[in-house]
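Report on the following structure.
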Amino acid sequence: MTYADRRHAHRRTRAAVALGCLLALVSAACTGGADDPGTSGAKGTAEGPIVVASGLDVTGSGSVRQQLIEEWNRRHAGSKDRQAKLVELPGAADQQRSQLLGALQSGSARYDVVNLDITWIPEFAEAGLISPLPVEESGTADDADFIRQVHATTLWKERSYARPFNTDVGLLYYRPDLLTDADIDPDKQPNANWTWDQLYSTVRTLGLNPVRRDERAGWTTQLKQYEGLTVNTVEAFADAGVHLTDGEGRYSSSPGKLKKGLDSLLDRVGRGRVQPAALSSDETASLADFAEGRAVFLRHWPYAYGALENLMEAKQYAVNRLPGKAVLGGQNLAVTADSPRAEDARALVTFLTSRESERCLLDAGFAATRTSVYGSVPKPCWPRVAAALRPAGDAPKAEATGEGTREGQGTEARRAYIRLLGAALTEAVQRPRTPYYGAFTQVLQSHVHALLAAERPDTAAAADHLDHALRDVFAGR
């Protein structure tokens, strides 16, 4: 019996017990009576707060998610049962996923709303841990305002299980000052639709050939054995026209296709081009290498734009579209299957993903999920939330350097950045959609990292081994 089957059987058992209690007129004995903390009054509706579980806010903006929760609470100050509480889970994404799976499967934690990485939706939906949106709430005009590719991450088997909260897409950051020092005019560099060949050509002109971690490289990214490596690999595969699964999550590649994808990745991160430290770098380390001049180009997420305001002078950095394909990231809000506050939880999710709330997320450094937020006349952020947010970026780290918060690039530059970000999101690609994503990403990371670390990488042999491993993973073995 699958987990979902056991879960449904458990629910039928609970329903039968509850019916027996009612027939026996001893409901108080079964529910715990008026003093039970899970119930409220004669209606039997669950007491608050509505508990939202989420990962940590990486923007350093004063916790925009917490500020949005507080705005909801102010708007429902007269209703104790509709108050909400944010619980932030520690650790990296893989650790957060394990915590949420364990908590929801065992019932050990009472979460009503979970903020899930977009890659986890199929797994949590297939396991019966989150509820599909009511049919009347799907496909509405409001849904049409979400960026199409972003909204697609909420779907599994043609049902929507969540609403897009904040999204992400790979961007290319670069150092105009270092280009100028090498007699390369940054104003003559492509201002849209870079290609990898153009980036490689610029790196050759720079004449960089780093051997040690402290030497300047053409570019850097995140190649440590964690999700960042999966993202970089999928981007390289997508550029080579290699797709690992079909729309139903079934494996659709082959050794020959995998070799093509791995060759594309090796070409991208070959010695002499990428910072040697990239093989052990995550988002924090790669951002530091870029800010401290050890890389001229950087692949990173949108929140880095705000972080750099506090780490560098405005003239020292710029941002552009990532060459080729960029992977979509982000989180979606879903209501847990066992939430006794499901109706209020759905109302909270609607508020947190509203046009005003999405603008708050963008102002804080996240990428917003709605098309209208990137338009010419977006709805403004909730005033009290806007007042509570400090400028997006890792302000505490900037203060630790003794330099304080630097002046940003200005209104026009930010408007240009927002237009660029909105355009990049409309063309982003997804990672494989599968209930076995956790196993998939671990297998991919293990094989790819070993290949990148090899003195003489053999992509044909690596592709053959990876093909066998992925066949098992996507079959659930």
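With respect to TYR317, is the statement that it is under 26 Å from ALA423 (Cβ atoms) and surrounded by fewer than 24 Cβ atoms within 10 Å (Cβ to Cβ) true? Here the answer is yes, as TYR317 does meet what is asked. Pairs meeting the criteria (first residue in region 156-180 and closer than 18 Å to ASN115 by Cβ, second residue among the basic types (Lys, Arg) and surrounded by fewer than 23 Cβ atoms within 10 Å (Cβ to Cβ), beta carbons under 8 Å, at least 6 apart or on different chains) are TRP156/ARG433.
Could you please let me know if SER372 is more than 30 Å from ARG471 (Cα to Cα) and either modelled with pLDDT under 95 or not small (Gly, Ala, Ser) (or both)? So SER372 fails the test.
Exactly one residue out of THR167, THR180 is of a type in the set (S, T, N, Q) and over 28 Å from the mean Cα position of the chain (by Cα), and it is THR180.
When region 372-387 is limited to residues that are in contact (Cβ under 8 Å) with a residue 60 or more places away in the chain and part of a helix (DSSP H, G or I), the one that is nearest to GLY306 (Cα to Cα) turns out to be VAL385. Within region 439-473, restricting attention to residues that are without any contact (Cβ under 8 Å) to a residue 12 or more places away in the chain and outside any helix (DSSP H, G or I), the residue that is farthest from SER281 (Cα to Cα) is ASP458.
Of all residues in region 186-203, those being modelled with pLDDT under 80 and in a loop (DSSP other than H, G, I, E, B) number 6.
Taken across region 343-358, residues that are of a type in the set (A, V, I, L, M) and either surrounded by fewer than 21 Cβ atoms within 10 Å (Cβ to Cβ) or in the same structural domain as ASP267 (by TED's automatic domain parsing) (or both) do occur, with at least one present.
Those helices (runs of 4 or more DSSP H) of region 263-371 in which at least 2 residues are basic (Lys, Arg) and more than 30 Å from ALA127 (Cβ to Cβ), considering only elements entirely within it, cover 355-364.
Among the residues of region 70-94, the one identified as modelled with pLDDT of 90 or more, among the charged types (D, E, K, R) and under 30 Å from VAL231 (Cα atoms) is GLU88. For region 247-262, the tally of residues that are part of a helix (DSSP H, G or I) and buried (at least 20 other Cβ atoms within 10 Å of the Cβ) stands at 4.
Going by what's in this entry, would ASP177 be described as under 28 Å from ILE418 (Cα atoms), at pLDDT below 90 and in a helix (DSSP H, G or I)?
Judged against the criteria, ASP177 is not a match.
In region 263-293, of all residues being among the basic types (Lys, Arg) and buried (at least 21 other Cβ atoms within 10 Å of the Cβ), the one that is nearest to ALA460 (Cα to Cα) corresponds to ARG268.
Among the candidates PRO435, PRO457, which residue alone is surrounded by fewer than 19 Cβ atoms within 10 Å (Cβ to Cβ) and either more than 15 Å from PHE237 (Cβ to Cβ) or touching a Gly at 6+ places or on another chain (Cβ under 7 Å) (or both)?
Only one candidate passes the filter, namely PRO457.
The values are calculated or read from the model by the stated rules, or taken from the named source; none is laboratory data. None of these values were measured; they are calculated from a predicted model. Every residue, glycine as well, gets a Cβ built from its backbone with ideal geometry; the counts of neighbours run over all protein chains shown.
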